[in-house]
Amino acid sequence: MPRIDSVDLFYLKMPEIEDIGDGSQDALLVRVRCGDEVGWGECEAAPLVSIAALVCPMSHSACHPVQDSVLGERLDSVADIARIGDRVRARSLDLLQADHTLSGIDMALWDLLGRRLGEPVWRLLGYKRAFAKLPYASQLFAATPEETLAKGRKVRAQGYRAAKFGWGPFGAGSPAADRDQVMAAREGLGEDGILLVDAGTVWVENVERARATLPALRESRALWLEEPFVSGALDAYRALAAGAGGLRLAGGEGAHDFWLAKAMIDHAAIGFVQIDAGRIGGIGVAKRVADYAVAKGVTYVNHTFTSHLALSASLQPFAGLEGHEIAEYPVEARSVARAITREHLVPDADGLLRVPEAPGLGVTVDTEAIRPYLQEVEITVGGQTLYRTPAL
């Protein structure tokens, strides 16, 4: 009976980390082994804190280290992945980083099982086929409207029909400055391009400030306004949506479990729910959100701003949903994120993104390419070493 022999975490980072909204500057990879079988995943969270969640000493019955609920467990079927996830959530309930650490482990379990069975993960999730997605080039607003204009023109010239601009100076200054940015993005993308705008939670729960930007978003014909407020600010989302007209709200990437995502769908009046499989607890939980979104008439979208390992994992939960076609695509990922996999998911001649048909997640971790970014870490408590960076 196959059992999980090891859960290994690898902290990767750029030589310098900038204080900007770019999550591709470091990464935490997860390798799971069952005998000679290997699966890979990636956590979307602060790497060192996630490592600590894996190995931290138990403080009470609802605060076990994550690895204690994974190591030695059998992995025969999809049901075992769900069982392991439930075990982690129950025994690490008060360990707030547990879902982030579990996310990468869960991805690796799906990858390993898919490779063993010779099936892509989306098929193990119950889909009969995978539908092509329309990738939107996901990038940051530039410091000036002129630079944002240039970025819009660049991605359009590269063949992207949709693009998202977010964070940077947007929302931090005046509504007039916001208008200059979104109109520059619209001009760069072209009249027929699909424009998406991400406020990066800048207004926290300030509905009046968010409303002041709505005229510019309507003028620029933005499809959505993403994360005007923090996840969980349900009343603020609902109040803004009530007066947004044809502009829909998007949110959910901050959801670290199914219940917060469900609350956003039920009570925040969002039109798009964005889920990161590297945060919410893994692929299985993300698929549960996708199913719920379908039932509630909300469009499911992946959240991905890092590697193509994370991209493949975040596409799997809605691969078989034909009407949920728009997908986030990282076009500004740093070299560490690009180095993680040998294969990259590239839009085809029609500008569409195809979910891998290969077994597991369909991409291969490049252990040699990531070696220059590997950070050696050791965690020692009371003279006992709880974690030391494993051999690649």
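The values are calculated or read from the model by the stated rules, or taken from the named source; none is laboratory data. Not measured: the values here are computed from a predicted model. Positions of Cβ are generated from backbone atoms using ideal geometry, with glycine treated the same way; all protein chains shown enter the neighbour counts. Only protein heavy atoms, including side chains, enter the accessible area calculation; ligands, DNA and RNA are left aside. Shrake-Rupley method; radii C 1.70, N 1.55, O 1.52, S 1.80 Å.
Filtered by the rule that a residue be closer than 23 Å to HIS303 by Cα and free of Cβ contacts under 8 Å to residues at least 24 places away in the same chain, the stretch 18-45 gives GLU18, ASP19. Within the stretch 13-36, if we keep just the residues that are open to solvent by 20 Å² or more (accessible area, probe 1.4 Å) and assigned to a strand (DSSP E or B), the residue that is farthest from GLN97 (Cα to Cα) turns out to be ARG33. Scoring ALA143 on the criteria (1) of a type in the set (A, V, I, L, M); (2) free of Cβ contacts under 8 Å to residues at least 40 places away in the same chain; (3) part of a helix (DSSP H, G or I) leaves a single failure, condition (3).
SER312 meets all of the listed conditions (1) open to solvent by less than 20 Å² (accessible area, probe 1.4 Å); (2) part of a loop (DSSP other than H, G, I, E, B); (3) under 18 Å from LEU134 (Cα atoms) but one, namely (2). Looking at the structure I just gave you, is VAL66 open to solvent by 40 Å² or more (accessible area, probe 1.4 Å), in contact with a helix residue (DSSP H, G or I) (Cβ under 8 Å, 6 or more places away or on another chain) and β-branched (Val, Ile, Thr)? So VAL66 fails the test. For the stretch 176-209, the set of residues classified as assigned to a helix (DSSP H, G or I), more than 16 Å from THR148 (Cβ to Cβ) and out of contact with any helix residue (DSSP H, G or I) (no Cβ under 7 Å at 6 or more places or on another chain) consists of GLU208, ARG209, listed by residue number. Consider the stretch 69-79 and keep the residues that are in contact (Cβ under 8 Å) with a residue 24 or more places away in the chain and under 27 Å from THR380 (Cβ atoms). The one that is least open to solvent (accessible area, probe 1.4 Å) is VAL70.
Against the condition touching an Asp or Glu at 6+ places or on another chain (Cβ under 9 Å), small (Gly, Ala, Ser), open to solvent by less than 10 Å² (accessible area, probe 1.4 Å) and at pLDDT 95 or above, how does GLY39 come out, does it pass?
Here the answer is yes, as GLY39 does meet what is asked.
The test for being open to solvent by 60 Å² or more (accessible area, probe 1.4 Å) and under 24 Å from the mean Cα position of the chain (by Cα) holds for ARG238. Could you check the stretch 375-384 and list, in sequence order, the residues that are touching a strand residue (DSSP E or B) at 6+ places or on another chain (Cβ under 6 Å) and either assigned to a loop (DSSP other than H, G, I, E, B) or not aliphatic (A, V, I, L, M) (or both)? Across the stretch 375-384, the qualifying residues are GLN375, VAL377, GLU378.
Within the stretch 361-392, being closer than 30 Å to ALA130 by Cα and either of a type in the set (S, T, N, Q) or open to solvent by 40 Å² or more (accessible area, probe 1.4 Å) (or both) holds for THR364, THR367.
Taking the stretch 204-231, which residues are closer than 25 Å to LEU96 by Cβ and open to solvent by less than 40 Å² (accessible area, probe 1.4 Å)?
Initial filter on the stretch 204-231 (closer than 25 Å to LEU96 by Cβ): 204-205, 226-231.
Passing the criteria: GLU226, GLU227, PRO228, PHE229, SER231.
Once the stretch 241-262 is narrowed to residues that are open to solvent by 10 Å² or more (accessible area, probe 1.4 Å) and small (Gly, Ala, Ser), the residue that is farthest from MET183 (Cα to Cα) is GLY254. Among residues that are in a loop (DSSP other than H, G, I, E, B), open to solvent by less than 30 Å² (accessible area, probe 1.4 Å) and of a type in the set (Gly, Ala, Ser), ALA53 is not included. Set side by side, the residues ILE275, ILE265, ILE280 differ, and just one is open to solvent by less than 40 Å² (accessible area, probe 1.4 Å), over 27 Å from GLY114 (Cα atoms) and β-branched (Val, Ile, Thr), which is ILE265. Checking every residue in the stretch 316-324 against the condition of being among the aromatic types (Phe, Trp, Tyr) and outside any helix (DSSP H, G or I) gives zero matches.
If you scan the stretch 1-12, which residues turn out to be among the aliphatic types (A, V, I, L, M) and over 21 Å from GLN97 (Cα atoms)?
MET1, ILE4
Inside the stretch 344-357, can you point out the residues that are in a loop (DSSP other than H, G, I, E, B), surrounded by 14 or more Cβ atoms within 10 Å (Cβ to Cβ) and touching a helix residue (DSSP H, G or I) at 6+ places or on another chain (Cβ under 9 Å)? Answer for the stretch 344-357, where residues must be in a loop (DSSP other than H, G, I, E, B), surrounded by 14 or more Cβ atoms within 10 Å (Cβ to Cβ) and touching a helix residue (DSSP H, G or I) at 6+ places or on another chain (Cβ under 9 Å): LEU345, VAL355, PRO356. How do the pairs read when you match residues in the stretch 161-185 that are among the small types (Gly, Ala, Ser) with residues anywhere that are assigned to a strand (DSSP E or B) and open to solvent by 50 Å² or more (accessible area, probe 1.4 Å), using Cβ under 8 Å and keeping only pairs 6 or more apart or on different chains? These pairs meet every condition: ALA162/ILE194; ALA163/ILE194.
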